[in-house]
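Trainee: Can you read through this structure? Questions will come right after.
The values are calculated or read from the model by the stated rules, or taken from the named source; none is laboratory data. Here the structure is a predicted model, which is why all the values come from computation and not from measurement. All Cβ positions, even for glycine, are placed from backbone atoms using ideal geometry, and neighbour counts span all protein chains on display. To get the accessible areas, we keep the full protein, side chains included, count just its heavy atoms, and leave off ligands, DNA and RNA. Shrake-Rupley method; radii C 1.70, N 1.55, O 1.52, S 1.80 Å.
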Amino acid sequence: MYTIVALVAGVLTGLLLSALIGSDDSQAISDVTIDDENDIVNDNNGHKNDNKKGNATAKWPDYNITKNQRYYKRLITDSDKNVLLVGEDAYSGNYDTIIVASISVKNKKIQLFNFPRDIYIDYSDEILSRLKEKSPALYSAKGFQKINAAHTVGARIEYKKGTGRFGDSNFDFLADLIEEVFGITIDDYAYVNTKGFREIVDMFGGVEVNVPVRMKYDDPVQGLHIDLKKGRQLLNGVQAEGFVRFRQGYDENGVFKTYSDQFRKENQNEFLKEFFKQHVNLKNLGKVDDLIGLLGKNIKTSINNTKKISSYAGLLGKALTGNFEQESYIVECEGKKINGLYFEIIKSE
């Protein structure tokens, strides 16, 4: 799965329509009252939580998921609305895309944090013990300590079964993990599959992007066929899927090359920018009903009631008519092999 796939889930609910659009010359849509400060939020169980996330002196949360694994700096400031966006690899079942979109009305800023799928998670002894007991097969499998398999770990150990913020062990575990390691409190999540991605791109008439290199790759097992020339061009849904998935293939000289995950994520971020620039505007709000019908079959999200949708619609309106600063980041890591397997080791405190 891919960055835009998850983010388009946000398009459905008004979640991230604000995300990279910056300013818009059109008139404001009707205002929806929301709490700009957002210092206190209610979780799914009705409990109030102190949400001053950017306080540098605040204690980092500790869910005892890791052995005190911490990123070297806090990534967000106070009054941010943070949405976890994930996309599943249709072939392996792991999460191929993990992004946190952080929207701050107070600071007029939109930030996208892209988490490399190979990030090594140093699980605590408690988590490892529970996993060994409940799922010895997964415990013995190579790669379960990669962040893209974290949701599976959470499901197998039945993490906070029925009691977490989302009532789903997959997303509760990944959300708490991100909060513990990176200091980002997850307010909502959205998941979308590949079929939804392709149909959405086609619904909007495609996306024009600059393809940086010749992209030629075929994988019959996954049903993946990529054939894109170098240069700026309009991509339909199938072509766009290939663009954001491309990591290796033949160049214009017929030479097979392998590119870094950084290369792919940069292409994903570029695609996102172009998608929002070309299609996320007030005139396209009329397609919301079509999106709802289309994505209802391909999306899973915690944004599932009128109050939440209205809140995100309010954020959309502010972003479309404001001058939000736009930033995209890839979490800083260094590649390393552990027991013969490649991992990305985060820059730590």
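Trainee: Only residues that are open to solvent by 40 Å² or more (accessible area, probe 1.4 Å), modelled with pLDDT under 75, of a type in the set (Ser, Thr, Tyr) and under 25 Å from residue 270 (Cα atoms): list them for the stretch 298-338, please.
Mentor: 321
Trainee: When you go through 154, 164 one by one, which is the residue that is farther than 18 Å from residue 87 by Cα, under 24 Å from the mean Cα position of the chain (by Cα) and crowded, with 20+ Cβ neighbours inside 10 Å?
Mentor: None of the other options fit; the residue is 164.
Trainee: Follow-up. The conditions are (1) on the phi < 0 side of the Ramachandran plot; (2) within 17 Å of the chain's Cα centre (by Cα), and residue 183 fails exactly one of them. Which is it?
Mentor: (1)
Trainee: Residues in the stretch 214-245 that are among the aromatic types (Phe, Trp, Tyr) and over 18 Å from the mean Cα position of the chain (by Cα): how many?
Mentor: Selection size over the stretch 214-245: 1.
Trainee: Considering each residue of the stretch 249-270, count those that are more than 28 Å from the chain's Cα centre (by Cα), open to solvent by 50 Å² or more (accessible area, probe 1.4 Å) and touching a residue at least 24 places away in the same chain (Cβ under 8 Å), and give that number.
Mentor: 2
Trainee: With the requirement that a residue be in contact with a strand residue (DSSP E or B) (Cβ under 6 Å, 6 or more places away or on another chain), among the acidic types (Asp, Glu) and not in a helix (DSSP H, G or I), what does the stretch 220-278 give you?
Mentor: Listed by number, the residues that qualify are 227, 251.
Trainee: Which condition number in (1) in a helix (DSSP H, G or I); (2) of a type in the set (A, V, I, L, M, F, W, C); (3) touching a residue at least 40 places away in the same chain (Cβ under 8 Å) is the one that residue 209 fails?
Mentor: (1)
Trainee: When both residues are 6+ apart or on different chains and their Cβ atoms are under 7 Å apart, which pairs have a first residue that lies in the stretch 213-242 and is open to solvent by 70 Å² or more (accessible area, probe 1.4 Å), and a second that is assigned to a helix (DSSP H, G or I)?
Mentor: Close Cβ pairs (under 7 Å, with a partner that is assigned to a helix (DSSP H, G or I)) amount to 238/198.
Trainee: Looking at (1) small (Gly, Ala, Ser); (2) crowded, with 24+ Cβ neighbours inside 10 Å; (3) at pLDDT 95 or above, which one does residue 190 not meet, given that it meets all the others?
Mentor: Result: residue 190 fails condition (3) only.
Trainee: In the stretch 119-151, which residue that is farther than 18 Å from residue 180 by Cβ and among the polar types (S, T, N, Q) is most open to solvent (accessible area, probe 1.4 Å)?
Mentor: Out of the qualifying residues, it is 140.
Trainee: For residue 209, only one of the following conditions fails: (1) touching a helix residue (DSSP H, G or I) at 6+ places or on another chain (Cβ under 7 Å); (2) modelled with pLDDT of 95 or more; (3) open to solvent by 40 Å² or more (accessible area, probe 1.4 Å); (4) not aromatic (Phe, Trp, Tyr). What is its number?
Mentor: (3) is the only condition that residue 209 fails.
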